[in-house]
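Structure first, then comments.
The values are calculated or read from the model by the stated rules, or taken from the named source; none is laboratory data. Everything numeric in this text was worked out from a predicted model, so none of it was measured. Note: ideal-geometry Cβ built from the backbone for every residue, glycine included; neighbour counts use all protein chains shown. Keep in mind that these areas ignore ligands, DNA and RNA; they rest on the heavy atoms of the full protein, side chains included. Shrake-Rupley method; radii C 1.70, N 1.55, O 1.52, S 1.80 Å.
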Amino acid sequence: MACKRGALIVLEGVDRAGKTTQCKKLFEALQRSGKPAEMMRFPDRTTTIGKLISAYLENKSDLEDHTVHLLFSANRWEMVPLMKKKLEQGTTLVVDRYAFSGVAFTSAKPGFCLDWCKSPDVGLPQPDLVMFLQLSPSEAALRGQFGEERYEKSDFQRAVQNKFQQLMKDRSVHWQVIDASQSVEDVHKDIMTHSLNAINCAQNQALAELWK
Ligand code: Z5A
């Protein structure tokens, strides 16, 4: 019998919502429970494209807005063969940000519409579950100040949050909103429950294509 595929699980959310903390906890918990899992994050700053993106985010270089949007998308596409291979081998992928961040961040800039922003990512592996870690700006502020990177400004983050709300209306994507203001352990419990369901469902379903 062919091996059952792994699930593609994505965590999204605004700055300091706890995505990285929760990706690590989910990955470790899945491993402990004997479920093959790996963590990925976007942007993946280790590749040649990722290094261009990283310099842009760190304000060490400037890139035209359409150009950097396409680079973020290319940074996902370059990982697709590896992602498909892992999923087919039965490994669940826990992914810190994905195409939804790509669309939310660029469409929050003046002159960009949601449809144009989505188009380069159409056909990426469709996540089995996208958990949006919901946190208000005032609660995020309690977790420390913004860092030094390009997008870490409160007005822009509010615009990004609105774009995420628009994206979450799309029923072709399996969204789950998580209350990220809870303790780290309580957020983890919610995430674990939804992830185990998604892993069970994904086993018997073919991998679909995003926004197609
Ligand atoms: N971007 C884009 O424009 N286009 C794209 O296509 C993609 C991304 C994929 C990448 O940032 C930037 O690129 C990002 C979007 C843009 N720009 N912004 N903003 P990144 O991925 O390198 O870093 P980040 O995603 O911005 O990290 P983050 O949002 O700042 O953090 P987080 O991962 O959500 O949170 P965390 O690091 O797990 O936790 C933050 C702090 O809160 C930390 O001190 C924790 O200990 C604390 N924490 C976490 N959970 C809790 C709870 N439950 N209670 C209390 N404290 C907590």
Checklist line | Helix 48-57 axis, angle to the chain major axis (alpha carbon atoms, nearest 10°) | finding: 50 degrees
Checklist line | Dimensionless Rg over Rh [the chain; C-alpha; Kirkwood] | finding: 0.95
Margin query: How large is the accessible surface of S136 in square angstrom, using a 1.4 angstrom probe and rounding to the nearest 10?
Written below: 40 Å²
Check: With θ set to phi - 60° and the Karplus curve 6.51 cos²θ - 1.76 cosθ + 1.60, what are the ³J(HN,Hα) couplings of the stretch 61-75 in order, to the nearest whole Hz, using x for Gly and Pro?
Finding: 8, 10, 9, 4, 4, 5, 4, 5, 4, 5, 5, 4, 5, 4, 5
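In the stretch 5-107, which trypsin sites (Lys or Arg not before Pro) fall in coil by DSSP and have 15 or fewer other Cβ atoms within 10 Å?
Values: sites: R5, R16, K19, K24, K25, R32, R41, R45, K51, K60, R76, K84, K85, K86, R97; in loops: R5, R16, R45, K60, R97.
Taking the stretch 5-107 and a limit of 15 other Cβ atoms within 10 Å, the loop trypsin sites (Lys or Arg not before Pro) found are K60.
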Notebook entry, point to check: How big is the gap, in Å, between the Cα center of the stretch 1-39 and the Cα center of the stretch 99-148?
Noted result: 19 Å
Checklist line | Loop GluC sites (Glu not before Pro), the stretch 1-99 (other Cβ atoms within 10 Å of the site Cβ: 10 or fewer; DSSP) | finding: E64
Next item on the list: Could you rank M39, M131, M79 by how accessible they are, 1.4 Å probe, largest area first?
Entry: M39, M79, M131
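What does the accessible area per residue of the stretch 1-144 come to in Å², with a 1.4 Å probe and no ligands, DNA or RNA counted?
Numbers: 6160 Å² over 144 residues.
For the stretch 1-144, the per-residue accessible area is 43 Å².
Of all the accessible heavy-atom surface of the chain, with the other protein chains kept in place and a 1.4 Å probe, what percent is carbon and sulfur? Numbers along the way, then the final one.
On the way: 5430 of 10310 Å².
Carbon and sulfur: 53 percent of the exposed surface of the chain.
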Notebook entry, point to check: What pairs in K25/K153; K19/K163; K109/K189 have C-alpha atoms more than 29 Å from each other?
Noted result: K109/K189
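What per residue convex hull volume, in Å³, comes out for the stretch 115-159 when only alpha-carbon positions are used? Before the final figure, lay out the partial values.
Values: hull volume 5.9 nm³, N = 45.
Value for the stretch 115-159: 132 Å³ per residue.
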Next item on the list: Rank L129, L70, L142 by mean-square fluctuation in a GNM of the chain with C-alpha springs under 10 angstrom and give only the top-ranked residue.
Entry: L142
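Of all DSSP beta bridges in the chain, what percent run antiparallel (nearest 5)? Walk me through the numbers on the way to the answer.
Values: 1 of 20 bridges.
Roughly 5 percent of the DSSP beta bridges within the chain come out antiparallel.
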Check: Which of the GluC sites (Glu not before Pro) across the stretch 123-202 are loop residues per DSSP, with 13 or fewer other Cβ within 10 Å?
Finding: E148, E149
Next item on the list: For K85, go through the lysines and keep the ones whose alpha-carbon is under 22 Å away, minus same-chain ones fewer than eight residues off.
Entry: K4, K24, K35, K212
